[in-house]
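Visitor: Before I ask anything, let me first share the structure, which is written out below as structure tokens.
Values quoted throughout were computed directly from the atomic coordinates according to the rules given, and no laboratory measurement underlies them. All values reported here derive from a predicted model rather than from experimental measurement. Cβ: placed from backbone, ideal geometry, glycine included. Neighbour counts: every protein chain shown.
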Amino acid sequence: MTRVRGLVGGLMLLLICGSRASAQTEMRQFKVFVDGKRAGQYTMSVKKKSDGTLHMTGRANVSLSVLLRKYVYTYEGREVWKDGRLLQLQSTSNDDGKRFEVDAQAVKEGLRVRVNNQVRDVRWDVWTTSYWHIPDKHAVNKAVPLLDADNGKTYSGALRKVGGARVQVAGQPIDCEQYRVEGGPNPIDLWFDKDNRLVRQDFVEQGHRTVLELESIR
């Protein structure tokens, strides 16, 4: 996603005033830091269609050197949601040589998930670990089933509201709500703005702290 002069001003207008009702497509770009060092980026495209479905496409590229060894992570995924339910998920990922292909489709009984040609059924009310939008308010401070968007694993998670917080976005403080997800692949802290837009993630995996920060939106 190309940076243009004046994008920060547009970002602040969206975050402070909220998206206009006519806006149907949103592009988000996150900076990725590992142990305090810039390690890559994650981009999202969120589109609302006339049938009420929400389509999110995410792409991540991360690379860093650890003890003279280079670690590489790539991800590309697409999610389709309607009325708070996941209808479709297709993703491919390469986690330092471990490759996954995930295909999930809503069925009458729940969600049919195929991972590297292995198929199983899971419950319908999962929340994906892309965390790009907050689930329904009734899920807050309760158990929430999680579907790992990278590898198709499922977890019995819990979503807890921490409280209000101010987060720096594009160099400006934004009022957000902080949440914590436990029971998933890693405990993770998430910050959402008043429009339930994800603006920050913070978690530790294999001893390395990873932070995603929203840097631009249009």
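Visitor: Please order 76, 215 by the number of other Cβ within 10 Å, starting at the fewest.
Guide: So the residues, fewest neighbours to most, are 76, 215.
Visitor: Taking the chain as a Gaussian network, where each spring joins two C-alpha atoms under 10 Å apart, which residue of 83, 95, 202 fluctuates the most?
Guide: 83
Visitor: May I ask you to derive the relative contact order of the chain, considering only C-alpha pairs under 8 Å and at least 6 residues apart, and to give it as an integer percent?
Guide: Values: 508 pairs, mean separation 37.3, N = 218.
Relative contact order of the chain: 17 percent.
Visitor: When Rg is the radius of gyration of the Cα atoms in the range 7-217 and Rh is its Kirkwood radius, what does Rg/Rh come to? Please list the in-between numbers first.
Guide: On the way: Rg = 16.8 Å, Rh = 17.8 Å.
Over the Cα atoms of the range 7-217, Rg/Rh equals 0.95.
Visitor: Now a separate question. How large is ³J(HN,Hα), in whole Hz, for each residue of the range 79-87 in order, when computed from phi with the Karplus curve 6.51 cos²θ - 1.76 cosθ + 1.60 and θ = phi - 60°, using x for Gly and Pro?
Guide: 10, 10, 10, 8, 6, x, 10, 6, 9
Visitor: Out of residues 5 or more away from residue 169 or on other chains, whose amide H comes under 5 Å of its own, with H placed 1.01 Å from N in the peptide plane?
Guide: Excluding prolines and chain starts, which carry no amide H, the hits are 174.
Visitor: Using the Karplus equation 6.51 cos²θ - 1.76 cosθ + 1.60 (θ = phi - 60°), what ³J(HN,Hα) coupling, rounded to whole Hz, does each residue of the range 164-173 give in order, writing x for Gly and Pro?
Guide: Taking θ as phi minus 60°, the curve returns x, 7, 9, 10, 6, 10, 6, x, 10, x Hz for the range 164-173.
Visitor: Next question, about the same structure. State the antiparallel share, in %, of DSSP beta bridges confined to the chain, rounding to the nearest 5.
Guide: Details: 102 of 104 bridges.
Restricted to the chain, the bridges split so that about 100 percent are antiparallel.
Visitor: Exposure proxy check: 198, 111, 67 ranked by fewest other beta carbons within 10 Å? Walk me through the numbers before you get to the answer.
Guide: Working: 198 20, 111 23, 67 5.
Arranged by neighbour count, lowest to highest, 198, 111, 67 become 67, 198, 111.
Visitor: Could you work out how much longer the chain between residue 69 and residue 124 gets when fully extended? Use 0.36 nm per residue separation minus the Cα distance between them, nm to one decimal.
Guide: On the way: separation 55, 0.36 × 55 = 19.80 nm, distance 4.00 nm.
Length gained between residue 69 and residue 124: 15.8 nm.
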